[in-house]
1. Looking only at the stretch A:45-70, how many residues end up being among the small types (Gly, Ala, Ser), within 12 Å of another protein chain (Cβ to nearest Cβ) and out of contact with any Phe, Trp or Tyr (no Cβ under 6 Å at 6 or more places or on another chain)?
2. Of the residues A:GLU67, A:GLU82, only one is out of contact with any Cys (no Cβ under 9 Å at 6 or more places or on another chain), of a type outside the set (Gly, Ala, Ser) and either open to solvent by 20 Å² or more (accessible area, probe 1.4 Å) or farther than 20 Å from B:GLU75 by Cα (or both); which?
3. What are the pairs, 6+ residues apart or on separate chains, where a residue within the stretch B:146-162 that is free of Cβ contacts under 8 Å to residues at least 12 places away in the same chain has its Cβ under 6 Å from a residue that is open to solvent by less than 80 Å² (accessible area, probe 1.4 Å) and not in a strand (DSSP E or B)?
4. Filter the stretch B:109-155 for residues that are of a type outside the set (Ser, Thr, Tyr) and in contact with a Phe, Trp or Tyr (Cβ under 6 Å, 6 or more places away or on another chain); which is farthest from B:ILE42 (Cα to Cα)?
5. Taking the stated definitions as given, is A:ASP99 part of a helix (DSSP H, G or I), touching a residue at least 12 places away in the same chain (Cβ under 8 Å) and closer than 14 Å to B:GLU82 by Cα?
6. Filter the stretch B:105-152 for residues that are in a helix (DSSP H, G or I), of a type in the set (A, V, I, L, M) and surrounded by fewer than 20 Cβ atoms within 10 Å (Cβ to Cβ) and give the result.
7. Of the residues B:SER318, B:SER260, only one is of a type in the set (Ser, Thr, Tyr) and over 25 Å from B:GLY39 (Cα atoms); which?
8. What number of residues in the stretch B:166-195 are within 16 Å of B:GLY219 (Cα to Cα) and without any contact (Cβ under 8 Å) to a residue 40 or more places away in the chain?
There are 2 protein chains.
Amino acid sequence: MQVTVLAGGIGAARFLRGLVSATGSTHDKPSVTVIGNTGDDIRLFGLQICPDLDSVMYTLGGGADEERGWGRANESFTVLEELRGYGAKPDWFGLGDRDIATHLVRTQALDAGYRLSTVTAGLCERWQLPVSLIPMTDDRVETHVVIDDPDTGQPAAIHFQEWWVRHRAAVAAREFVYVGSDTASPAPGVLEAITTADVIVLPPSNPVVSIAPILSIPGIRDAISQAAAAVVGVSPIVGGKPVRGMADACLSAIDVDTTSAAVAQHYGPRPEGGLLDAWIVDLADADAAPAIADLGIRVEAMDTIFSNPGVASNVAASALKIGSELRR
Amino acid sequence: MQVTVLAGGIGAARFLRGLVSATGSTHDKPSVTVIGNTGDDIRLFGLQICPDLDSVMYTLGGGADEERGWGRANESFTVLEELRGYGAKPDWFGLGDRDIATHLVRTQALDAGYRLSTVTAGLCERWQLPVSLIPMTDDRVETHVVIDDPDTGQPAAIHFQEWWVRHRAAVAAREFVYVGSDTASPAPGVLEAITTADVIVLPPSNPVVSIAPILSIPGIRDAISQAAAAVVGVSPIVGGKPVRGMADACLSAIDVDTTSAAVAQHYGPRPEGGLLDAWIVDLADADAAPAIADLGIRVEAMDTIFSNPGVASNVAASALKIGSELRR
């Protein structure tokens, strides 16, 4: 069974760990293809940083810091300390020493002319990743956030990372713009992975800044609409709050309530041109099930808080089961 | 008194520490200008590395590892360990985490279009360097070494760092080529520093791979020939051996014996188109003084082993005194 997943960062990565376990996907014979969001990518200190791709790579490769939720385990921050010694800007982005090595290898290869998808495959080789990880595009696409500039009061667009990391999403977002997406193309393998999938999964990633940038690449949304596989989503919202991250600040910018039902409605039922065949919500949201079912989306309530790897495996197994049943 | 020094790496840097002490040069009012060799520069892992400029900067800035003789004090090597985890090549060059921050700041600024001299001044600002440090050129000039390729037996040119660090200078050098020097220009301030100097000093740097690349930049040798200031050199050879480094392997390639007298003859007396007005040799080479004097070069023998900062100050003070006496 081939499974294709549209993935953001750590939430997706933890779901993917369960999916790898549920499918038995291996490095030599990957049955899971991950289409990773690159809208968060940013070049800082001359380094091309791909936070979501790396969260997936480090987590599935066994190199992630589980507690911090980003970056490498056993990490040190000596380079960053020295960069600050030089007064290098920005001073709000965290970069560990081990992480920097990844960015150096990536940046050198990109600057030599290799495509991001090729470079990502090369990096993943070291980690013997048990999935195939493909960036959504090899083109430069950056999620920018339109805010009201605190100094001028005028609308201003800033890079997603500046909004997310520097401002902790505390400055109201008016709009999210996926700069460059209109002329971008899906990376090699992306459309094929969607077309040939047996199940397509939207893991519990941020709908606005993780999934939407992927869908903004021309061709990807259409391919999902037309795919033979069913699309099963896992709600990133539990009990009216994001499981992690600040999805509420993103959803409010697009006038979507922070509830699992509202996100399901935002994605929409597939028969009516939406994305979802099924939606897995947490037990805490079981009472929202009838409303979601009324939308024409099959709904299942279960424990979705990945407090241990077994929970993620259970959710992944359910997604596969539902997806198989709903395949067209 | 304004002093201009042509400098290689750590040998020069230790002499310069004495010179700073002898002149009272300060960051706010530098009376010492250092023209640094950049022939050793190399781009590795996408980072522009300037070993000689950094040796001077770290040593005079108080950030050098005194025992290792290169790089930063309190250094760690986490990034390098990770680069090796990715199989990144080359695997023979040492790069510390603190050092990498310097290269990141430099590379980012260079890639943004700033000149090396401007970038170097910016880096030195952090260290409050008590001298003015200028690269010999803003253009790309690289010292390459012609060797007999061990595999093919044919002559092959390799980067100086590959010869020096990887091969430990143990593969016989046929020739040194300063690639790019013919079309390079002195960096802003270089010729002025030579023209307006009260004393010009050649510190105990490698004549072939530290001083010669500087002299290979069109205009620099002529400016020194015509300068009003006297040129005082300090021999890097003591008792028939380099004080540090592998200068013997370099000198033999240009058919110069590894003796302080032979190096003096190689530089030549200034009245006859050479470089030296005076040559300071170690006490161990006092018996070579008459032969050097016969060349038309004033010679002085003294302790030149920089076992403590006082020795370097003494040598620097002597160079200044001799230089003042010999000024045209």
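1. Narrowing the stretch A:45-70 to residues among the small types (Gly, Ala, Ser): A:46, A:55, A:61-64, A:69.
Subsequent filtering for residues that are within 12 Å of another protein chain (Cβ to nearest Cβ) retains A:46, A:61, A:63.
Next cut, out of contact with any Phe, Trp or Tyr (no Cβ under 6 Å at 6 or more places or on another chain) only: A:46, A:63.
The total comes to 2.
2. Working: A:GLU82 fails: either open to solvent by 20 Å² or more (accessible area, probe 1.4 Å) or farther than 20 Å from B:GLU75 by Cα (or both).
One residue alone meets the criteria, A:GLU67.
3. From residues that are free of Cβ contacts under 8 Å to residues at least 12 places away in the same chain, the pairs are B:ALA156/B:ASP149.
4. Out of the qualifying residues, it is B:ARG126.
5. Details: part of a helix (DSSP H, G or I): yes; touching a residue at least 12 places away in the same chain (Cβ under 8 Å): yes; closer than 14 Å to B:GLU82 by Cα: yes.
For A:ASP99, the condition - part of a helix (DSSP H, G or I), touching a residue at least 12 places away in the same chain (Cβ under 8 Å) and closer than 14 Å to B:GLU82 by Cα - is met.
6. First, pick out the residues of the stretch B:105-152 that are in a helix (DSSP H, G or I): B:105-111, B:116-127.
Checking which are of a type in the set (A, V, I, L, M) leaves us with B:105, B:109-110, B:116, B:119, B:121, B:123.
If the condition is that a residue be in a helix (DSSP H, G or I), of a type in the set (A, V, I, L, M) and surrounded by fewer than 20 Cβ atoms within 10 Å (Cβ to Cβ), then B:LEU110, B:ALA121 are the ones that fit.
7. Working: B:SER260 fails: over 25 Å from B:GLY39 (Cα atoms).
The unique qualifying residue is B:SER318.
8. At the first step, the residues of the stretch B:166-195 found to be within 16 Å of B:GLY219 (Cα to Cα) are B:178, B:180-195.
Those left that are additionally without any contact (Cβ under 8 Å) to a residue 40 or more places away in the chain: B:182, B:191-192, B:195.
Residues flagged as within 16 Å of B:GLY219 (Cα to Cα) and without any contact (Cβ under 8 Å) to a residue 40 or more places away in the chain within the stretch B:166-195 amount to 4.
The values are calculated or read from the model by the stated rules, or taken from the named source; none is laboratory data. Keep in mind that this is a model prediction, so the values were computed, not measured. Neighbour counts are summed over all protein chains in view; Cβ atoms, including those assigned to glycine, are modelled from backbone coordinates with ideal geometry. All accessible areas refer to the heavy atoms of the entire protein, side chains included, with ligands and DNA or RNA removed. Shrake-Rupley method; radii C 1.70, N 1.55, O 1.52, S 1.80 Å.
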